[in-house]
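Single-structure report; data block below.
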Amino acid sequence: MARIEFNQLLEAGVHFGHLRRKWNPNMAPYIFAEKKGIHIIDLNKTAAKLEEATNAMRSIAKSGKKILFVATKKQAKDIVAEKVKAIDMPYVTERWSGGMLTNFGTIRRTIKKMATIDRMRTDGTFENMSKRERLQVSRQRDKMEKNLGSITDLTRLPSALFIVDIIKEHIAVAEARKLGIPTFAMVDTNSDPSLIDFPIPANDDATKSIELVMNEMIKAIQEGLEERKNDKNAVADDSDDEGEEDGAPKARVLRPRKEAAPKGAGPKAEKLEPAVAAAETTEEPKAEVLEAPKAVTADVVAGEKAADSDVE
């Protein structure tokens, strides 16, 4: 992505900071000068930090992870909501509920409750409820939709946060820091940039300034998503090519049909040998068994003849 030009930042009023009496000393490296009691932001450093942030944002989007946008101030909420919807990312523009990150399990249960109410409206459960109960449930559903409707697709903690005005969204910053979630933010001269991983020194009050920075963030995310899509297509094409190349060898690996073995040869002949050996071993005991009775019979006959001669 081409680096943003100096004149674009100047025309959008990105360089206007807050009154000198409201400044944060940690913003000193990003302040160019003071004019009529107002600090002027160094746009060269803004451009450098913006490029650094967009590169990191592109990498996160390319990995397929979610980025949560937070902007509840009046000047920013409509701009952020409109632009983030185009890239299908979660956002919070109404109110940051305490524990939205650190107590994410409870937030998920609330979102599931919204889905349960929606099912009640379609499966006929509402028809069995009184008018007062239906009104109470509907109001509860509308309230949850207002605060959490834009993060219903956020099934796990986001991989990064983009914040407009870290002073107003200090709770979101604190929760992200506690969980070690990377943060991107527009940081004005009254803010502390040391709290943010990727600070972008810029005017966070002017709509043109917010819109310009948001456009750069959205472009970076779109490029990351496009690169991810192209990588997936390339992997799919490579797998198809490998399948075509491996098709012929796989056909040759098929086992050929077995040929009929000749009689008396091969495995069948080997199987007959143990049977013949067994037959030979059983013939000798049979011969011995037959000879024993013959010997016994001769002795008996001789004894009988001797007995007859004695009698005579």
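At-a-glance table
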| read-out | value |
| --- | --- |
| Residues within region 2-42 that are polar (S, T, N, Q) and under 20 Å from Pro193 (Cα atoms), tallied | 2 |
| Residues located in region 96-118, provided they are in contact with a Lys or Arg (Cβ under 7 Å, 6 or more places away or on another chain) and either free of Cβ contacts under 8 Å to residues at least 60 places away in the same chain or basic (Lys, Arg) (or both) | Met114, Ile117 |
| Scan of region 193-214 for residues that are over 20 Å from Gly13 (Cα atoms) and either in contact with a Cys (Cβ under 8 Å, 6 or more places away or on another chain) or outside any loop (DSSP other than H, G, I, E, B) (or both), ordered by number | Ser194, Leu195, Phe198 |
| Test: residue in region 160-169 that is of a type in the set (Asp, Glu), outside the structural domain of Asn24 (by TED's automatic domain parsing) and either crowded, with 16+ Cβ neighbours inside 10 Å or over 22 Å from Ala76 (Cβ atoms) (or both) | no |
| Qualifying residue in region 104-118 (condition: surrounded by 16 or more Cβ atoms within 10 Å (Cβ to Cβ), within 21 Å of the chain's Cα centre (by Cα), of a type in the set (A, V, I, L, M) and not assigned by TED's automatic domain parsing to the domain that holds Lys219) | yes |
| Answer from Asn7, Asn44 - the residue that is without any contact (Cβ under 8 Å) to a residue 40 or more places away in the chain, within 20 Å of Ser191 (Cβ to Cβ) and either surrounded by fewer than 16 Cβ atoms within 10 Å (Cβ to Cβ) or more than 39 Å from the chain's Cα centre (by Cα) (or both) | Asn44 |
| Pairs where the first residue, in region 222-234, is touching a residue at least 40 places away in the same chain (Cβ under 8 Å) and the second is surrounded by 14 or more Cβ atoms within 10 Å (Cβ to Cβ), C-beta under 6 Å, 6+ apart | Glu223/Arg58; Gly224/Arg58; Gly224/Ala61; Gly224/Lys62; Leu225/Ala61; Glu227/Lys62; Arg228/Lys62 |
| Every residue from region 183-235 that is over 20 Å from Lys73 (Cα atoms) and β-branched (Val, Ile, Thr) | Ile221, Val235 |
| 3 or more residues modelled with pLDDT under 90 and not polar (S, T, N, Q): qualifying helices (runs of 4 or more DSSP H) within region 56-158 | 104-122, 131-148 |
| Pair list, Cβ under 7 Å, 6 or more apart: region 69-86 residue under 13 Å from Ser150 (Cα atoms) and free of Cβ contacts under 8 Å to residues at least 12 places away in the same chain, other residue of a type in the set (Gly, Ala, Ser) and assigned to a helix (DSSP H, G or I) | none |
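The values are calculated or read from the model by the stated rules, or taken from the named source; none is laboratory data. Remember, it's a predicted structure, so these values are computed and weren't measured experimentally. No Cβ is skipped: glycine too gets one built from the backbone with ideal geometry, and neighbour counts run over all protein chains shown.
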